[in-house]
Amino acid sequence: MQKSVLITITCILLNAAFLLTGCKTGRNNFYTKDDFQKVKKTDIHFHYNTFNPRYLELADSLNFMLVSPNVDAGMPIDEQLEIAAALKREHPDKFAFLGTFSVNNFGSRNFAGKVNARIDQCMKAGASGIKIWKNIGMVLKDSAGSYIMADNPAFEPVFRYMETDRIPVMAHLGEPKNCWLPVNEMTLGNDRGYYKSHPQYHMYLHPEAPSYNDQLDARDNLLQKYPSMKVVGAHLGSMEWSVDEIARRLDRFPNFDVEISGRIGHLQYQALTERGKVRSFMIKYQDRIMYGTDLTLNETDGQFTTGTDELRELWYEQWLFLATDSVISVNDLDGQKVKGLQLPRKAIDKIYQRNAEKFLKINRN
Ligand SMILES: [Zn+2]
């Protein structure tokens, strides 16, 4: 009798323990606000244009590794490479970078050969991949004045080389769809501000230039033509306005992933009315999406253009939106409130870290 009572009590205790574990598992399915700092994260799109490691230390204190894509614009690309190579040598567990090449000599003899030599130089300097930029498709013209798109045959040896050598490519091709709209029809404050101050890139003002669809078609042709080339589409592959559009491309091209940098506002815009749909998209494609911000750090006279608090706040707010169900008010949407997507831990770990590490073949301790 006593024995059976004991067994019953043990069972009750075991059950209680199981229930507790069960509850714990349920609760632990999601991260909280407080997990922000401790979870390992990678910002795959962070322009780090200074030798000063100050922000690398800040990022590291928040468990962020930074990936700096060199870009064929702004600071000379040799200088960008010099900075990135030095940071990578000194902080290999906190920093990685993507090299790039110039298209200034497009049309000259052995253009592709020179580009490939540059790619080699970047990879030898420690690059984890190569970034190509929207100047291909939106700025670059041939001697007859025609725009050169990314699928132009002149680039064939370059992409073939990256495909054969398994060099990951970050492609910022095209622009947000808003770029082809008048300012007052743009969905986000950020886009309105950017195109007002960069009219040269505001394609609504340049109807002679290739259309939005021309840009996407050129990119899709690349993905089709080089099926073994691993490509991450920067800024949601310029399809930021519709998760359906992105899903279609991810389904069609197994060699294509996307990163969300600079376009999280567009996900928030869609989440205002279709939160469930955006959330399902992020969960379904959790192996193909990477986190990034597209912040730029320049240092002039010891002053950083991005403040420490501003940086920490931005990363934290985006964490709240992706990892929790907090209601946040979005500046870019004129202060409208949106509920966080509260993606499961597993998806957060992939989007924030694993996918980038796998894509760039980074082994972080
Ligand atoms: Zn960028």
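Could you run through the stretch 34-59 and say how many residues are in a loop (DSSP other than H, G, I, E, B) and either away from the ligand (no atom under 16 Å from the Cβ) or of a type in the set (D, E, K, R) (or both)?
Total meeting the criteria: 8.
Limited to the stretch 102-127, what total is found for residues that are closer than 21 Å to VAL139 by Cβ and part of a loop (DSSP other than H, G, I, E, B)?
7
Tell me which residues, restricted to the stretch 130-151, are out of contact with any helix residue (DSSP H, G or I) (no Cβ under 6 Å at 6 or more places or on another chain) and either closer than 21 Å to PRO69 by Cα or buried (at least 17 other Cβ atoms within 10 Å of the Cβ) (or both).
LYS131, ILE132, TRP133, LYS134, ASN135, ILE136, MET138, VAL139, LEU140, TYR147, ILE148 - these are the residues of the stretch 130-151 that are out of contact with any helix residue (DSSP H, G or I) (no Cβ under 6 Å at 6 or more places or on another chain) and either closer than 21 Å to PRO69 by Cα or buried (at least 17 other Cβ atoms within 10 Å of the Cβ) (or both).
Can you run down the residue pairs with Cβ atoms below 7 Å, 6 or more apart or on separate chains, where the first is in the stretch 60-77 and in contact (Cβ under 8 Å) with a residue 24 or more places away in the chain and more than 14 Å from the ligand (Cβ to nearest atom) and the partner is aliphatic (A, V, I, L, M) and assigned to a loop (DSSP other than H, G, I, E, B)?
Close Cβ pairs satisfying both conditions: ASN63/VAL39.
Which condition breaks for PHE97 when tested against (1) under 25 Å from TYR352 (Cα atoms); (2) more than 16 Å from the ligand (Cβ to nearest atom)?
Failing condition for PHE97: (2).
Taking the stretch 82-94, which residues are touching a residue at least 24 places away in the same chain (Cβ under 8 Å), within 25 Å of ASN116 (Cβ to Cβ) and either more than 16 Å from the ligand (Cβ to nearest atom) or assigned to a loop (DSSP other than H, G, I, E, B) (or both)?
ALA85, ALA86, LEU87, LYS88, ARG89
With the checklist (1) within 15 Å of the ligand (Cβ to nearest atom); (2) buried (at least 22 other Cβ atoms within 10 Å of the Cβ) in hand, flag the one item GLY262 doesn't pass.
Only one criterion in (1) within 15 Å of the ligand (Cβ to nearest atom); (2) buried (at least 22 other Cβ atoms within 10 Å of the Cβ) is unmet by GLY262, namely (2).
If you take the residues in the stretch 172-191 that are surrounded by fewer than 17 Cβ atoms within 10 Å (Cβ to Cβ), under 21 Å from LEU272 (Cβ atoms) and not acidic (Asp, Glu), which one is farthest from the ligand (Cβ to nearest atom)? Explain how you work it out, then say what you get.
Here is the first cut: in the stretch 172-191, the ones surrounded by fewer than 17 Cβ atoms within 10 Å (Cβ to Cβ) are 182-185, 189.
Remaining after also requiring under 21 Å from LEU272 (Cβ atoms): 183-185, 189.
Still in the running and not acidic (Asp, Glu): 183-184, 189.
Values: VAL183: 22, ASN184: 26, GLY189: 19 Å.
Checking each candidate, the answer is ASN184.
Each value in this text was obtained by applying a stated rule to the coordinates, not by laboratory testing. As the structure is a computational prediction, the values presented were derived from the model and not from experiment. Using ideal geometry, Cβ is built from the backbone for each residue, glycine included, and neighbour counts are taken over all protein chains shown.
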